[in-house]
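Have a look at the structure below, then the notes.
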Amino acid sequence: MDKLDFDVIVVGGGPAGSSAARMVAENGCTVALIEKEKEIAETVRTSGVTWISDIKKFGIPEDCYNPIKKFSFCSPKNAVVIEDQVAKAAVLDVRKTYRFLASRAESSGSQVFVSTNVSEVLQDSNGNCTGVIAKSGERQIQFNGKVVIDASGFASVVAKELGYVKQWKKFGVGAEFEVKTEKLEYDNWWLMVGQEYSPAGYAWIFPTSKNTARIGVGVGKPDSDVDPTVRLNELIDNKKGPIKDLGEIEKIEFHYGLIPNEGLSRKTVYNNVILVGDSAGQANPLVLEGIRYAIRFGEVAGRVAADAIRNDNVNETALMPYEKEWKKAIESKINSAVKVQNRWVGLSDEEWDKELSIIEELTADEFLDFIRADFGVSKMVKLATHHPKMIVRQLFNMVKGT
Ligand SMILES: Cc1cc2nc3c(=O)[nH]c(=O)nc-3n(C[C@H](O)[C@H](O)[C@H](O)COP(=O)(O)OP(=O)(O)OC[C@H]3O[C@@H](n4cnc5c(N)ncnc54)[C@H](O)[C@@H]3O)c2cc1C
């Protein structure tokens, strides 16, 4: 077996792993970024919606996304459109973006290993992780590292092998077609809610260019046993709701994926080990979006790991600044968003029709803060006490928990 030594081993070449590896390298440590697929983002498992302010902060180039400035919602008997002056949301070209992030990690000095599948962990006599074993074709490689960052997404391979975590029990399953459309309002997204679209989740149309879009269905497990792929084909075949306005649809590519939905239930730091991105459950539970958290907290994980190595102490306490930083940034927002999610999961079709009438009362900025789960305390108090519409005040009082 080949043996390779690095300061840090990052498992998973998604947005969390690439961002972590880049920060490790930029902070002067050696790092291996290990991805099991033949290429970065060979398989797309996400719809790629995110926010232009975050994209700009991360330095992602403009040709990696399609801007969105109209936000449309429909329920069985209602529809609302919230229109903004400038585009603040975006649908990413997922392959281009993820490959950009990985190549930036490589340019910073990370060594990238593709087609390399991590299957085992190495442990010292105290049970602490000292690296991983991976298979690349016929070759077995032992990667020794002082810190291992588990950025393997939903699978959480490292943390699971170490016995630190079990398979997620509450999660979202999504099925989606990238399609070519005859007609498309390409700066307008659709979220479709109600039993017919998804009994515990939502369906979507996210434009990716002037004549391409992702049409998908997400279903919460174990809340519903609906198969999202079956439901998606039914919606497209029957041209339900706004899908009929797309005219002829040609399916180009199928995407399928899983995303944890247990709020922030996991411990994310152990001796020599950090969990980040989906592996840590870092997603906005309202719409189950996690890309911006994966990038942002991947960077924090990489920086904290490099600091710990420089200080020659990589135990749990030394790595804890990572968990403290990300929890301080999003814990209370995620907890508020979980309350909204719990409300949404239980809505009947008639209640969804009414919920859309509340959403319609929000300005574009209020709506974006809401859907992004950007529930800062002062903003929430303002909406709960001063919003001109009582139904909006009631909604935000519920989010605040009063
Ligand atoms: C259907 C669906 C739609 C979504 N839509 C959105 C959206 O619109 N916006 C948004 O922000 N988020 C969305 N998400 C969530 C988003 O995709 C994740 O939060 C994000 O990808 C997390 O990034 P990550 O780097 O943690 O994990 P991933 O992107 O899952 O990357 C993990 C990587 O690890 C690799 N890996 C796994 N096991 C091993 C192994 N044993 N050895 C080596 N490598 C391994 C995988 O191949 C993968 O490349 C969606 C998720 C799903 C399922």
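The values are calculated or read from the model by the stated rules, or taken from the named source; none is laboratory data. Being a predicted model, the structure only gives us computed values, none of them experimental. Backbone-built Cβ (ideal geometry, glycine too); neighbour counts: all protein chains shown.
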Open item on the list: It is to be established whether one or more residues within region 6-29 are surrounded by fewer than 17 Cβ atoms within 10 Å (Cβ to Cβ) and assigned to a loop (DSSP other than H, G, I, E, B).
Closed with: yes
Task: Residue check for Gly153: within 11 Å of the ligand (Cβ to nearest atom), on the phi > 0 side of the Ramachandran plot and at pLDDT 95 or above - done: yes
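Would you confirm, using the coordinates I've provided, whether Gly174 is within 15 Å of the ligand (Cβ to nearest atom), within 30 Å of Asn313 (Cβ to Cβ) and at pLDDT 95 or above?
Answer is no for this residue.
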Task: Yes/no for Asn233 being within 16 Å of the ligand (Cβ to nearest atom), over 23 Å from the mean Cα position of the chain (by Cα) and among the polar types (S, T, N, Q) - done: yes
- [ ] State whether the residues of region 147-170 include one that is within 29 Å of Leu288 (Cβ to Cβ), surrounded by fewer than 16 Cβ atoms within 10 Å (Cβ to Cβ) and small (Gly, Ala, Ser).
- [x] yes
Task: Test: residue in region 284-302 that is away from the ligand (no atom under 16 Å from the Cβ) and among the polar types (S, T, N, Q) - done: no
TODO: From (1) over 18 Å from Tyr293 (Cα atoms); (2) not assigned by TED's automatic domain parsing to the domain that holds Pro207, pick out the condition that doesn't hold for Ile82.
DONE: (2)
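From Glu262, Glu316, which residue is surrounded by fewer than 20 Cβ atoms within 10 Å (Cβ to Cβ), within 16 Å of the ligand (Cβ to nearest atom) and not hydrophobic (A, V, I, L, M, F, W, C)?
It is Glu262.
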Task: Filter result for Asp63 (surrounded by fewer than 22 Cβ atoms within 10 Å (Cβ to Cβ) and under 25 Å from Trp204 (Cβ atoms)) - done: yes
Open item on the list: Just to confirm my filter: which helices (runs of 4 or more DSSP H) fall fully inside region 284-387 and include at least 3 residues that are of a type outside the set (A, V, I, L, M, F, W, C) and under 30 Å from Val217 (Cβ atoms)?
Closed with: 291-310, 316-345, 349-359, 364-371
Open item on the list: Quick check on my filter: what residues within region 159-171 are within 14 Å of the ligand (Cβ to nearest atom) and of a type in the set (Phe, Trp, Tyr)?
Closed with: Trp168, Phe171
Open item on the list: Within region 106-132, take every residue that is closer than 22 Å to Val314 by Cα and in contact with a helix residue (DSSP H, G or I) (Cβ under 6 Å, 6 or more places away or on another chain) and give me the one that is surrounded by the most Cβ atoms within 10 Å (Cβ to Cβ).
Closed with: Ser110
- [ ] Please enumerate the residues belonging to region 269-282 that are assigned to a loop (DSSP other than H, G, I, E, B) and within 12 Å of the ligand (Cβ to nearest atom).
- [x] Val276, Gly281, Gln282
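Here is a list: Val44, Val10. Which entry is under 29 Å from Arg310 (Cα atoms) and in contact with a Gly (Cβ under 9 Å, 6 or more places away or on another chain)?
That would be Val10, the only listed residue that is under 29 Å from Arg310 (Cα atoms) and in contact with a Gly (Cβ under 9 Å, 6 or more places away or on another chain).
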TODO: Name every residue in region 81-100 that is in contact with a Phe, Trp or Tyr (Cβ under 8 Å, 6 or more places away or on another chain), buried (at least 18 other Cβ atoms within 10 Å of the Cβ) and of a type in the set (A, V, I, L, M), in order of residue number.
DONE: Ile82, Ala89, Ala90, Val91, Leu92
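Specify the residue that is surrounded by the fewest Cβ atoms within 10 Å (Cβ to Cβ); the eligible residues are those in region 30-56 that are more than 6 Å from the ligand (Cβ to nearest atom) and assigned to a loop (DSSP other than H, G, I, E, B).
Restricting to residues being more than 6 Å from the ligand (Cβ to nearest atom) and assigned to a loop (DSSP other than H, G, I, E, B), the top hit is Lys38.
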TODO: Could you please find all residues in region 44-56 being farther than 16 Å from Phe206 by Cβ and touching a residue at least 60 places away in the same chain (Cβ under 8 Å)?
DONE: Asp54
- [ ] Kindly provide the set of residues from region 111-127 that are more than 14 Å from the ligand (Cβ to nearest atom) and within 23 Å of the chain's Cα centre (by Cα), ordered by number.
- [x] none
TODO: Go through region 279-305 and give me each residue that's modelled with pLDDT under 95 and crowded, with 24+ Cβ neighbours inside 10 Å.
DONE: Ala283, Pro285
- [ ] Take region 321-353 and flag every residue that is among the basic types (Lys, Arg) and in contact (Cβ under 8 Å) with a residue 12 or more places away in the chain.
- [x] Lys327, Lys333, Lys339, Arg343
